[in-house]
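Peer 1: Structure in structure tokens, see below.
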Amino acid sequence: MKKFILNFLICISPSLIIFLTLEVVAESIPNSYRYKREWIECNGKGVSTIILGNSHTFDGIQPLLMDSAFNLSNSAQGLEYDRYLLKFAYEKCTNLKTVILSLDYMNLFMISPENAEDHRLVYYTIYLGYDKHSRFSKYGY
């Protein structure tokens with residue numbers, strides 16, 4: 001039995017190494033979630049207005065036309081994510097005075113991550129530190 005387990009580990013180790021390497025490479029690809037976290041961490045002290053919400057505020061409100069504003073909204077972002085991002089931004093943005101939050105019919109269908117698009121939860125977990133679910137849960141991949 002020990003010989004079988006040893007041979008099994010030897011056979012599966014190249015696949016495991018390839019999988020882990022691909023996972024690290026995939027997480028290092030630039031995306032909007034990582035960009036927003038890094039931007040807030042570097043420039044948060046100068047932000048006085050945060051924009052939260054779903055794709056309606058992501059596409060509909062232009063923070064460049066406002067004085068010291070930043071848009072933290074994303075497509076299919078529910079209220080639970082907005083609450084987490086507001087907490088995240090509040091810690092980083094010491095001059096925060098205004099929060100713009102989109103409330104529309106889409107929010108009725110995205111009350112929690114379980115009801116929203118599950119595949120997006122992993123982005124909030126990896127890039128923004130949202131820790132409601134483990135990386136090894138069904139929402140972790």
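The values are calculated or read from the model by the stated rules, or taken from the named source; none is laboratory data. All values reported here derive from a predicted model rather than from experimental measurement. Ideal geometry is used to build each Cβ from the backbone, glycine not excepted, and the neighbour counts take in all protein chains shown. Accessible surface areas use protein heavy atoms only, side chains included; no ligands, DNA or RNA. Shrake-Rupley method; radii C 1.70, N 1.55, O 1.52, S 1.80 Å.
Each row is one residue, and each column tells you yes or no for (1) of a type in the set (Ser, Thr, Tyr); (2) open to solvent by 80 Å² or more (accessible area, probe 1.4 Å); (3) closer than 12 Å to Tyr127 by Cβ.
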position: Ile12; (1), (2), (3): no, no, no
position: Ser15; (1), (2), (3): yes, no, no
position: Tyr33; (1), (2), (3): yes, no, yes
position: Glu41; (1), (2), (3): no, yes, yes
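Peer 1: Give me the pairs: first residue in segment 34-45 and over 15 Å from Pro63 (Cα atoms), second residue among the aliphatic types (A, V, I, L, M), beta-carbon distance under 7 Å, and six or more apart or on different chains, which are they?
Peer 2: These pairs meet every condition: Arg37/Leu128.
Peer 1: Exactly one condition in (1) modelled with pLDDT of 85 or more; (2) open to solvent by 50 Å² or more (accessible area, probe 1.4 Å) is false for Ala89; which is it?
Peer 2: Checking Ala89 against (1) modelled with pLDDT of 85 or more; (2) open to solvent by 50 Å² or more (accessible area, probe 1.4 Å), the one that fails is (2).
Peer 1: Could you run through segment 1-10 and say how many residues are in a helix (DSSP H, G or I) and either of a type in the set (Ser, Thr, Tyr) or exposed (fewer than 10 other Cβ atoms within 10 Å of the Cβ) (or both)?
Peer 2: Taking segment 1-10 and keeping what is in a helix (DSSP H, G or I), we get 2-10.
Checking which are either of a type in the set (Ser, Thr, Tyr) or exposed (fewer than 10 other Cβ atoms within 10 Å of the Cβ) (or both) leaves us with 2-5, 10.
Residues in segment 1-10 being in a helix (DSSP H, G or I) and either of a type in the set (Ser, Thr, Tyr) or exposed (fewer than 10 other Cβ atoms within 10 Å of the Cβ) (or both): 5 in total.
Peer 1: Could I ask something else about it? In segment 56-74, which residues are without any contact (Cβ under 8 Å) to a residue 40 or more places away in the chain, open to solvent by less than 80 Å² (accessible area, probe 1.4 Å) and within 16 Å of the chain's Cα centre (by Cα)?
Peer 2: Those that are without any contact (Cβ under 8 Å) to a residue 40 or more places away in the chain, open to solvent by less than 80 Å² (accessible area, probe 1.4 Å) and within 16 Å of the chain's Cα centre (by Cα): Phe70, Asn71, Leu72, Ser73.
Peer 1: Has segment 29-42 got at least one residue that is of a type outside the set (A, V, I, L, M), at positive phi and touching a strand residue (DSSP E or B) at 6+ places or on another chain (Cβ under 9 Å)?
Peer 2: Among the residues of segment 29-42, not one is of a type outside the set (A, V, I, L, M), at positive phi and touching a strand residue (DSSP E or B) at 6+ places or on another chain (Cβ under 9 Å), which makes the answer no.
Listed here are the residues, each with its yes/no results for (1) open to solvent by less than 20 Å² (accessible area, probe 1.4 Å); (2) modelled with pLDDT of 65 or more; (3) among the aliphatic types (A, V, I, L, M).
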{"site": "Leu108", "(1), (2), (3)": "no, yes, yes"}
{"site": "Ser112", "(1), (2), (3)": "no, no, no"}
{"site": "Asn115", "(1), (2), (3)": "no, no, no"}
{"site": "His119", "(1), (2), (3)": "no, yes, no"}
{"site": "Tyr130", "(1), (2), (3)": "yes, yes, no"}
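Peer 1: Enumerate the pairs (first residue in segment 80-109 and more than 16 Å from Trp39 (Cβ to Cβ) and in contact (Cβ under 8 Å) with a residue 24 or more places away in the chain; second residue anywhere and of a type in the set (S, T, N, Q) and assigned to a strand (DSSP E or B)) with beta-carbon separation below 6 Å, excluding pairs fewer than 6 apart on the same chain, so at least 6 apart or on different chains.
Peer 2: Pairs that qualify, where the first residue is more than 16 Å from Trp39 (Cβ to Cβ) and in contact (Cβ under 8 Å) with a residue 24 or more places away in the chain and the partner is of a type in the set (S, T, N, Q) and assigned to a strand (DSSP E or B), are Thr98/Thr49.
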